[in-house]
Amino acid sequence: MNDFKNKFKTATAQRTFTPRLNRAVRVSSYDLTGDSYESHFVIGKDLITKQEVKISLTPQSTATASGHSRLELAQIADPTSGKVHVAVGGILIFENCRMKSGNHYISDWSNAVQHHPEKIHETISMGYSTVVLQPSRLDPRNANKPMYNTAFVRRAETNKAMAFSCSSTKELFRFIQETLTLNEGEGGKRPEAIIRYVDRTEGEVDVGSVIITAPTEKVEQENQLTANRVCDAAKTMRYLFAERNDDTHSSVTALQLIFEHMAENPTLPIEQFMVEVIPVVRRNFGSEKRKSFFELVDDERSGGTVKRNARSAKGKTVFSRYHIPRTNGEYGYDKVWLPSFSSELCAFDTVMNQGVESRQPKDYRFIRDIFTTDVFPKGFETDYLPTKNYSDNSFMVERYKASTNAAQEKPTNNQRNGANQHSVQQQQVETVSQAPNQQQTQSTHVSQYVAEPALIGDTTNEVSEDELFGELTEMLNRDAA
């Protein structure tokens with residue numbers, strides 16, 4: 001009887017889960033000596049662990065659901081294969097890696113990130129990231145009216161986070177101003193910042209946060225069209241500290257309330273009340289990727305069937321991975337920041353030089369694709385993003401799968417646990433390759449259209465930082481009165 005019970009327990013015991021990772025690898029060499037594709041492998045350095053790994057592709061017995069054929073390592077390694085070739089020194093992301101033995105892993109799919117180490121317009125960034133996918137409303141009275149779907153990635157630069165005490169309002173002001181200022185060579189990002197307070201004055205820790213986005217303004221261009229540009233530092237800070245009214249954005253109100261609380265409690269030590277700024281890099285998806293996230297669907301209503309713009313199956317999958325449904329009966333979703341890789345491309349302009357057409361790189365990068373570092377990732381809501389100044393792993397949220405139904409992924413208390421080594425290391429952001437020099441003319445495949453970048457603000461009418469801080473302090477005192 002005991003033998004039966006032991007065998008039964010062994011047969012039904014929960015198996016140990018082996019982590020499955022998406023690995024970014026800088027190629028050191030290819031080994032194609034085997035006769036079959038599955039015996040070929042890449043040798044390279046894992047960009048997170050910094051360890052040498054050997055990765056092969058699992059045999060593919062059936063076609064993919066999308067109908068796309070997989071590139072085999074022999075094709076990727078072949079210098080004569082054109083745009084699909086990834087040279088030694090280039091970067092590949094391998095999806096769903098499982099350990100075979102030692103440092104040897106098998107993967108389902110490979111994705112080229114950087115085809116050649118000298119092609120500096122292809123880059124990879126790593127860090128806690130989230131995704132925004134918002135379908136534009138379809139005008140039922142004018143089906144031909146253009147729609148502007150929103151699709152972008154936010155990446156938190158947690159290693160650049162700074163903490164401030166209530167007596168450091170001027171330093172906080174200066175760091176917010178620096179964070180929300182767009183500089184040349186930054187790839188046309190939309191500057192953002194997470195402003196978080198951590199309050200320990202009443203025993204229990206209370207945490208709150210808000211995302212602040214640098215404002216933009218419309219400017220006329222030579223072709224009589226208009227473009228958006230990020231406001232200069234003075235305009236940005238005046239926008240953030242303007243007198244509150246019914247039209248004031250909730251995030252601006254929240255920021256002003258934090259400054260007012262600091263001014264009212266200047267002697268509170270940082271151990272009791274801390275304000276933290278986490279810089280955020282926001283970049284748009286490329287146009288082709290953005291298109292894949294949305295589609296027109298039939299919506300059955302009492303008056304008949306109407307068309308509605310919505311997230312596609314692919315869009316739902318990505319959205320549900322980076323969001324969780326709100327609890328306590330609240331409608332909507334909360335963002336989840338997951339350790340991720342972002343594959344980025346530089347946009348190009350076509351220019352004429354002495355009658356010869358050529359392509360010149362722009363100071364603008366867009367997202368080609370995004371991958372979580374773990375196949376079943378763990379992450380945090382905005383309030384609890386871990387930094388050197390504050391972290392609490394008890395608020396970690398585990399995402400078991402990328403379901404098209406976000407409600408199926410609602411976390412429970414026992415799904416919150418510590419991070420594995422791969423995730424913890426992702427708190428340190430790394431960007432491989434720098435922004436392209438404006439003299440660089442080398443080109444590879446890039447989407448033909450990208451969203452127009454926000455231009456850099458005009459700084460010809462700058463005021464001194466002390467003058468601006470004094471002006472805005474008076475504005476805050478007026479609102480608090």
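Whenever a residue of region 62-78 is within 19 Å of Arg26 (Cβ to Cβ), it has no partner that is surrounded by fewer than 13 Cβ atoms within 10 Å (Cβ to Cβ) and at pLDDT below 90 lying with C-beta atoms less than 7 angstrom away and at least six residues away or across chains. Contact annotation: residue pairs with Cβ atoms under 8 Å, 6 or more positions apart or on different chains, pairing a residue in region 24-43 that is among the aromatic types (Phe, Trp, Tyr) with a partner that is surrounded by 19 or more Cβ atoms within 10 Å (Cβ to Cβ) and assigned to a loop (DSSP other than H, G, I, E, B), are Tyr30/His40.
Here is a yes/no grid of residues against (1) of a type in the set (A, V, I, L, M, F, W, C); (2) touching a Ser or Thr at 6+ places or on another chain (Cβ under 9 Å):
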{"residue": "Thr10", "(1), (2)": "no, no"}
{"residue": "Ala13", "(1), (2)": "yes, no"}
{"residue": "Thr18", "(1), (2)": "no, no"}
{"residue": "Ser29", "(1), (2)": "no, no"}
{"residue": "Leu32", "(1), (2)": "yes, yes"}
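From the list Pro377, Pro339, the lone residue that is under 28 Å from Ala163 (Cβ atoms), in the same structural domain as Ala163 (by TED's automatic domain parsing) and either free of Cβ contacts under 8 Å to residues at least 60 places away in the same chain or of a type in the set (A, V, I, L, M, F, W, C) (or both) is Pro377.
Search region 292-321 for residues being in contact (Cβ under 8 Å) with a residue 24 or more places away in the chain and part of a helix (DSSP H, G or I), and hand back the single one that is farthest from Ile211 (Cα to Cα).
First, the residues of region 292-321 that are in contact (Cβ under 8 Å) with a residue 24 or more places away in the chain: 293-294, 296, 306-311, 313, 315-321.
Keeping just the survivors that are part of a helix (DSSP H, G or I) gives 313, 315-321.
Working: Ala313: 28, Gly315: 23, Lys316: 23, Thr317: 24, Val318: 21, Phe319: 19, Ser320: 20, Arg321: 20 Å.
Residue satisfying both the conditions and the ranking: Ala313.
Please verify whether region 295-313 includes one or more residues that are touching a helix residue (DSSP H, G or I) at 6+ places or on another chain (Cβ under 7 Å) and hydrophobic (A, V, I, L, M, F, W, C). Within region 295-313 (the criterion being touching a helix residue (DSSP H, G or I) at 6+ places or on another chain (Cβ under 7 Å) and hydrophobic (A, V, I, L, M, F, W, C)), the answer is no, since none of the residues qualifies.
A single member of Ala234, Ala214 is over 24 Å from the mean Cα position of the chain (by Cα) and buried (at least 18 other Cβ atoms within 10 Å of the Cβ), and it is Ala234.
When Asp247 is tested against (1) more than 27 Å from Ser136 (Cβ to Cβ); (2) surrounded by fewer than 17 Cβ atoms within 10 Å (Cβ to Cβ); (3) modelled with pLDDT under 95, exactly one condition is not met: (1). Quick one: which residue in Tyr364, Tyr331 is outside any strand (DSSP E or B) and out of contact with any helix residue (DSSP H, G or I) (no Cβ under 8 Å at 6 or more places or on another chain)? The unique qualifying residue is Tyr331. Of all residues in region 292-310, those that are modelled with pLDDT of 85 or more and farther than 15 Å from Arg137 by Cα total 1. Among all residues of region 341-356, there is none that is at pLDDT 95 or above, small (Gly, Ala, Ser), under 30 Å from Thr18 (Cβ atoms) and touching a helix residue (DSSP H, G or I) at 6+ places or on another chain (Cβ under 9 Å).
Is region 151-165 home to any residue that is of a type in the set (Val, Ile, Thr), within 29 Å of Ser251 (Cα to Cα) and touching a residue at least 60 places away in the same chain (Cβ under 8 Å)?
If we filter region 151-165 for residues that are of a type in the set (Val, Ile, Thr), which is where we start, we get 153, 158.
Okay, now just the ones that are also within 29 Å of Ser251 (Cα to Cα), so 153, 158.
Restricting the remaining residues to those that are touching a residue at least 60 places away in the same chain (Cβ under 8 Å) gives 153, 158.
Yes; the residues of region 151-165 include at least one that is of a type in the set (Val, Ile, Thr), within 29 Å of Ser251 (Cα to Cα) and touching a residue at least 60 places away in the same chain (Cβ under 8 Å).
Looking across region 133-191, just one residue is in contact with an Asp or Glu (Cβ under 7 Å, 6 or more places away or on another chain) and in a helix (DSSP H, G or I), and that is Arg174. All of Thr327, Thr305, Thr253 fail the test of being under 25 Å from the mean Cα position of the chain (by Cα) and among the polar types (S, T, N, Q), apart from Thr327.
Here's the yes/no breakdown for (1) under 23 Å from Arg282 (Cβ atoms); (2) in a helix (DSSP H, G or I):
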position	(1), (2)
Val210	yes, no
Glu222	no, no
Arg229	yes, no
Ala234	yes, yes
Met237	yes, yes
Ala242	yes, no
Ser251	yes, yes
Leu257	no, yes
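The values are calculated or read from the model by the stated rules, or taken from the named source; none is laboratory data. Remember, it's a predicted structure, so these values are computed and weren't measured experimentally. Virtual Cβ from ideal backbone geometry, glycine too; neighbours counted across all protein chains shown.
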